[in-house]
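> Can you keep this structure in mind? I'll have questions shortly.
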Amino acid sequence: MYEIDLIKNTKLAKQLGGPPIFIDGYLHRANINHHDLTLDIKILSQNNPLLNRDTLVQLKMIGIKRLHFDFLNIKNQLMIIHDLEIRKEGTGLHMILESNTGEISEVWFESIELHHLN
């Protein structure tokens, strides 16, 4: 999983009253610009006691230093999330995203934001 301190201070975690759980959610979209990467993720209410319905959220990683995405099985969504881990690494952050079919994607970045989309 991820280091709770990195997520609990985001806008979404404050709205929910705690951090969401991303396991078995769906990555629907990934957008990248010069410095930021934004992931649109559906988190499932069945894994999140703080949610009464499936919720689309936006995970924004600011100040991208390096990234590697591995998508082998693209259907209606980019991937089904098996595990999402974010941890401090040196002076920045490191996200590891594993799909249910074993693909591993990684992003190294400076800071994070997390918001509701619906």
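> Out of the range 14-40, which residues are more than 17 Å from residue 105 (Cα to Cα), open to solvent by less than 60 Å² (accessible area, probe 1.4 Å) and not small (Gly, Ala, Ser)?
16, 19, 20, 21
> When you look at residue 102, is it open to solvent by 30 Å² or more (accessible area, probe 1.4 Å), small (Gly, Ala, Ser) and at pLDDT below 90, yes or no?
The answer is yes for residue 102.
> Right, another one. For the range 10-31, which residues satisfy the criterion of being in contact (Cβ under 8 Å) with a residue 12 or more places away in the chain and in a strand (DSSP E or B)? Reasoning before the result, please.
Let us first name the residues in the range 10-31 that are in contact (Cβ under 8 Å) with a residue 12 or more places away in the chain, namely 10-13, 15-30.
Hits for the range 10-31 are 26, 27, 28, 29, 30.
> From the set of residues in the range 71-96 that are surrounded by fewer than 14 Cβ atoms within 10 Å (Cβ to Cβ) and under 25 Å from residue 44 (Cβ atoms), which is modelled with the highest pLDDT?
Among those that are surrounded by fewer than 14 Cβ atoms within 10 Å (Cβ to Cβ) and under 25 Å from residue 44 (Cβ atoms), it is 87.
> Turning to a different aspect of this structure: Within the range 49-59, restricting attention to residues that are crowded, with 18+ Cβ neighbours inside 10 Å and under 21 Å from residue 87 (Cβ atoms), which residue is nearest to the chain's Cα centre (by Cα)?
59
> Within the set of pairs 6+ apart or on separate chains, which have a first residue in the range 101-118 that is within 15 Å of residue 80 (Cα to Cα) and part of a loop (DSSP other than H, G, I, E, B), a second that is open to solvent by 50 Å² or more (accessible area, probe 1.4 Å) and among the aliphatic types (A, V, I, L, M), and C-beta atoms under 8 Å apart?
101/72; 103/72
> Would you check if residue 114 is modelled with pLDDT of 90 or more, in contact with a strand residue (DSSP E or B) (Cβ under 7 Å, 6 or more places away or on another chain), crowded, with 18+ Cβ neighbours inside 10 Å and on the phi < 0 side of the Ramachandran plot?
Values: modelled with pLDDT of 90 or more: no; in contact with a strand residue (DSSP E or B) (Cβ under 7 Å, 6 or more places away or on another chain): yes; crowded, with 18+ Cβ neighbours inside 10 Å: yes; on the phi < 0 side of the Ramachandran plot: yes.
Answer is no for this residue.
> Right, something else. Scan 7, 43 and give me the residue that is open to solvent by less than 10 Å² (accessible area, probe 1.4 Å) and without any contact (Cβ under 8 Å) to a residue 24 or more places away in the chain.
So the residue among 7, 43 that is open to solvent by less than 10 Å² (accessible area, probe 1.4 Å) and without any contact (Cβ under 8 Å) to a residue 24 or more places away in the chain is 43.
The values are calculated or read from the model by the stated rules, or taken from the named source; none is laboratory data. Fair warning: this is a prediction, and the values are worked out from it, not measured in the lab. All Cβ positions, glycine included, derive from the backbone under ideal geometry; neighbour counts span all protein chains shown. These area figures cover heavy atoms from the full protein model, side chains too; ligands, DNA and RNA do not enter into them. Shrake-Rupley method; radii C 1.70, N 1.55, O 1.52, S 1.80 Å.
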